[in-house]
């Protein structure tokens, strides 16, 4: 049986449970992730059917032609990213409560990384190769 992981936003207005297996963490350095997070994003991913999201403060923003981002409209915490017509949900790893047991496995768009930090020591992959 898979471990249940819980998490949520800073103010507690949106919480979630992830009931299935999670993908290893992927760092994304794209401009959009840098602008919405203030740094790079480190996200895991779950089957959307395995995610139970509760609360009244979650807002979805269509951030591109292919995807939307979920954030708390009260405290501003970025929580989720999902591609339209996908059965997967990306979850910002830092929003998971307690130890996650996850490890960063790869990174996207290292050529877009900010010049103020060193890249993680993990391989670069193409986004299309990820689930």
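Computed from the coordinates by the stated procedures, all read-outs in this text should not be read as laboratory data. Values in this document were obtained by computation on a predicted structure and should not be read as measured data. Neighbour counts run over all protein chains shown; Cβ positions are idealised from the backbone, glycine included.
Points to keep in mind about this one:
- Contact order for the chain, expressed relative to its length and based on alpha carbon pairs under 8 Å spaced 6+ residues apart, stands at 27 percent.
- Cα point-scatterer Debye curve for the chain, base-10 log of I(q)/I(0) at q = 0.16, 0.22 Å⁻¹: -0.80, -1.51
- Proxy reagent accessibility, fewest Cβ within 10 Å first, across 89, 102: 102, 89
- Looking at the chain, the DSSP beta bridges with both ends there are about 85 percent antiparallel.
- For the chain, adding -39500 (n - 2.57) for each run of n ≥ 4 DSSP H residues and dividing by the number of residues yields -1500 deg cm²/dmol at 222 nm.
- Within the listed set 23, 82, 62, the residue fluctuating most in the Gaussian network model of the chain (springs between alpha-carbon atoms under 10 angstrom) is 62.
- Springs join every pair of Cα atoms under 10 Å in this Gaussian network model of the chain, and among 119, 108, 22 the largest mean-square fluctuation is at 119.
- Between the stretch 20-53 and the stretch 73-97, the alpha-carbon center distance in angstrom: 6 Å
- Residue of 91, 74, 25 that the Gaussian network model of the chain assigns the largest fluctuation, springs spanning Cα pairs under 10 Å: 74
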